Structure formats: structure tokens, C-alpha cells
1. Could you check segment 323-344 and list, in sequence order, the residues that are in contact with a helix residue (DSSP H, G or I) (Cβ under 8 Å, 6 or more places away or on another chain), of a type in the set (D, E, K, R) and modelled with pLDDT under 90?
2. Among the listed residues 225, 229, 220, which satisfies the condition of being modelled with pLDDT of 80 or more and surrounded by 22 or more Cβ atoms within 10 Å (Cβ to Cβ)?
3. So is residue 259 at pLDDT below 80, touching a helix residue (DSSP H, G or I) at 6+ places or on another chain (Cβ under 9 Å), crowded, with 16+ Cβ neighbours inside 10 Å and among the β-branched types (Val, Ile, Thr) or not?
4. Considering 374, 357, 291, 382, which residue is at pLDDT 55 or above and either of a type outside the set (Gly, Ala, Ser) or farther than 30 Å from residue 88 by Cα (or both)?
5. Mind listing whichever residues of segment 47-73 are farther than 27 Å from residue 218 by Cα and surrounded by 15 or more Cβ atoms within 10 Å (Cβ to Cβ)?
6. Output the residues belonging to segment 36-77 that are in a loop (DSSP other than H, G, I, E, B), more than 17 Å from residue 26 (Cα to Cα) and aliphatic (A, V, I, L, M).
7. I need the full set of residues from segment 129-151 which are buried (at least 24 other Cβ atoms within 10 Å of the Cβ) and farther than 17 Å from residue 221 by Cα, in order please.
8. Scan segment 262-283 for residues that are in a helix (DSSP H, G or I) and either at pLDDT below 70 or touching a Ser or Thr at 6+ places or on another chain (Cβ under 6 Å) (or both) and jot them down.
Amino acid sequence: MPSFFLFFVLVTFLCWPCLAVYVAKDQFKSWYPEFGPTFEAIVEGNCSAEYERYLTIPRENATIDWFTGGGNTNRLAQPVANCILGNTSEFIMSNMAAAAVVLGLMPTILATIGNSVEETSTLCVIGQRPLIALLVAAGSPAIHPIRSFEYMNPMKLVKSRRYRLRTKRSSVPLRRVALAIEFLAAIAAIINTYTLCNQLGVMVVSMLAPQLTYLEFLWSIIGISSHVSAAASVWARTRITRGMTRREYIKQVLLRQFTPIGDKDWTKAVIDEDETYFSMALSYFTSLLGTCHLIYGSMLFSSLVFISATDSLKIMARYMASAMVSRFILMYELFWLRDILGERKGLFPRNDSIELTQPTEVLEHGGKIYHRSTASSGAFET
């Protein structure tokens, strides 16, 4: 019952913006600044009758203008949008077309600078940071789709490389301050992203569905779902080897979300190299979600009207800011994850054995990632 309740709360939290804005009639009241006065004057002078019907008539009682693209679902918003476009100059229409090109490319551009599902799943499962992984996924919803049935190998993200930056371990107080800054920055990125979603829902109109104001929220939720699905795929290959159940392991991990994790706090677990049918199905589902997310985002943002090219660049800049902040947080966490896991010179030598010198080293053997070794001495044959 508690697990079902938590799942219900999570789904409600994610879907509540969509449910809340569905019943509201907040469109055509506020506009983006460059052409806002023009559209406001058109609504007041040329489209006042359509706008009055939009505000006062129930949807089921409104007439449908089939010849101009009206339908059962958009019978209220479509006449207003069509009237405004019919009274807009060709210059403004061309400017809005340029904005549509910029916004249509935005999901692909954001995917190149945002976080990949493989990185967030590594932080969530191996890094034992599901909360911060969820926050950075929500702050940067655009994702780069992975290929179908592509094998996700989190070891390559934490394995030592000669070219990777290395630094000295910071003190616990400094890590606490850094963790607090991470959470504040992640929350700020989320607020910026979902404020943009709300503004786009009411200040512009999508030609895909003029009556709906939650389409941008839906795009963000699909992106978060892809990250969750990828993490579940890696989690399906995880075995707990410390004499505890999965529920106890999850509880232990969740209790440490606001505490810097050190060597002594690391919980031992094993990531199997061999895929299971369930993990493979989740990986394919993640690929499908990522592809649908990119297609849907490109269609959605390229269909937006009543926004200028200049305003569209400001929107892209804000989305990019959230993506860059989330990216920086994720890379910082993965950077320290390599350090915590013992990623130093000599831990992964090229010979046939690896000397165990610390009880908290992480080794790769037989396609498995050991979060904590129980051996105190000797050689580990690879």
C-alpha cells in the first residue's frame, strides 16, 4: 500500500499541471512583448465576438467552423486564432514563420547539450542519487534518443581514463555546501523550465491543438519518463549482495540523499553484464520514448504561432540555461562518483590482476561493477 500511494502521488504531481490547465480559459489574454500590442488590438477591434464566445459559451454548445479547420475539440479556441491570423499582416506572419523554424529545431539543439539517459541512470543506480538524477532530468527534459536494443554500459562512464580530470577529495563540510548548491540550482532549473511551459501554454497557440495549453508540460513529462525508464533498465540488472532485500537497499539509499556519500557509506551491489528480458524490454521502451519525445517536441514547437523570432530566441536561451545547469550538476556528480569509486591511476592496470588496497575500491570483473569490495588483501584475477 505505501508503494502504491507513493506511485499515485508521483503520477498526480507530474500530471496535475495538465489537469489544471485543461479546464482553464487563459489563452488570448497575455502575449509575448514584440507583437503583443498588435495581437491585443486585433482581439479588441476585430475578433471581440469570437473572443467573447470563447470566454462565455460552454464547449459543448459552441458551433464548429468546419471550413476553416474547426473540430469537436477546438471549437472554442480555433475561431479566435483563425480570426487573429486573418487580420495579421504578412510581415508579422513571416516573422512568426521564422520563429517556428527556430522553435522546431530547439528540441534537437537541447538534446545535444542536455543529459543523456545513460548518464542519469548511472547517477541514479550506481551513484545512488535517484533524487538529484530526477531533478536534473526534470530541469532538462530534452533527451537524445538511443538506438533500439542498444546495450547500456554504465561502467564506461565511471571507468578511469588517462585524459579525465582528477582532483583531491574535498572535506565533508565543503561537500555538504556543494550538495546544497546542487539542489538549489536543480530546483531553479526546474522552476525556469516549467514556468516556460506555463507561459507557452497561455501566451502562444499550437496549431496541433489550439484549445490545449498543457502540450509543453506533456513534452517535459515524456522526457522525464525516458530517464526513469532508462534507470529502471539498469536497476533490473542490479543484484544486492550485502544480505539485505531490495526494499531495505532502496530505503538505505533514499535516507542518504541529502548527505555526501563517502567510501565508508558505499553500499555493495553488482551490475550484471548480461541483460535480462525485462531490462532489454525497458531499454527498447526507453528508445521508443526518446524517439517519440523528439518527434513530438519538433512538431509541437514548430506549430506555435503568435510569437516573434526575437522572442523565440529568448525562449531557447532560457531552455538552454536550464539544460546547461542540469548538465553541470550531472557532470559534477559523475566527476566525484569516479573519485569515490576509486578511479585513480593504478586501480585499473592493464595486467591480469588488480591489487586490492582499499576496502572500498570498485572493480570490474566478469562484466560486473562492485560498489564495495569485501576483500582486505590479495589479488583479484581478471
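1. Result: 333, 338, 343.
2. 220
3. Numbers: at pLDDT below 80: yes; touching a helix residue (DSSP H, G or I) at 6+ places or on another chain (Cβ under 9 Å): yes; crowded, with 16+ Cβ neighbours inside 10 Å: no; among the β-branched types (Val, Ile, Thr): yes.
When the stated conditions are applied, residue 259 does not pass them.
4. Details: 374 fails: at pLDDT 55 or above; 357 fails: at pLDDT 55 or above; 382 fails: at pLDDT 55 or above.
The match here is 291.
5. Answer for segment 47-73, where residues must be farther than 27 Å from residue 218 by Cα and surrounded by 15 or more Cβ atoms within 10 Å (Cβ to Cβ): 47, 50, 53, 65.
6. Step one: of segment 36-77, the residues in a loop (DSSP other than H, G, I, E, B) are 46-47, 57-58, 62-65, 69-76.
Next, from what is left, pick out any that are more than 17 Å from residue 26 (Cα to Cα): 46, 62-65, 69-72.
Listed by number, the residues that qualify are 62, 64.
7. Result: 129, single match.
8. Of everything in segment 262-283, those that are in a helix (DSSP H, G or I) and either at pLDDT below 70 or touching a Ser or Thr at 6+ places or on another chain (Cβ under 6 Å) (or both) turn out to be 263, 264, 265, 279, 282, 283.
The values are calculated or read from the model by the stated rules, or taken from the named source; none is laboratory data. What you see is a predicted model, and the numbers here were worked out from it, not measured in a lab. So basically every Cβ, Gly included, is an ideal-geometry build from the backbone, and we count neighbours across all protein chains shown.
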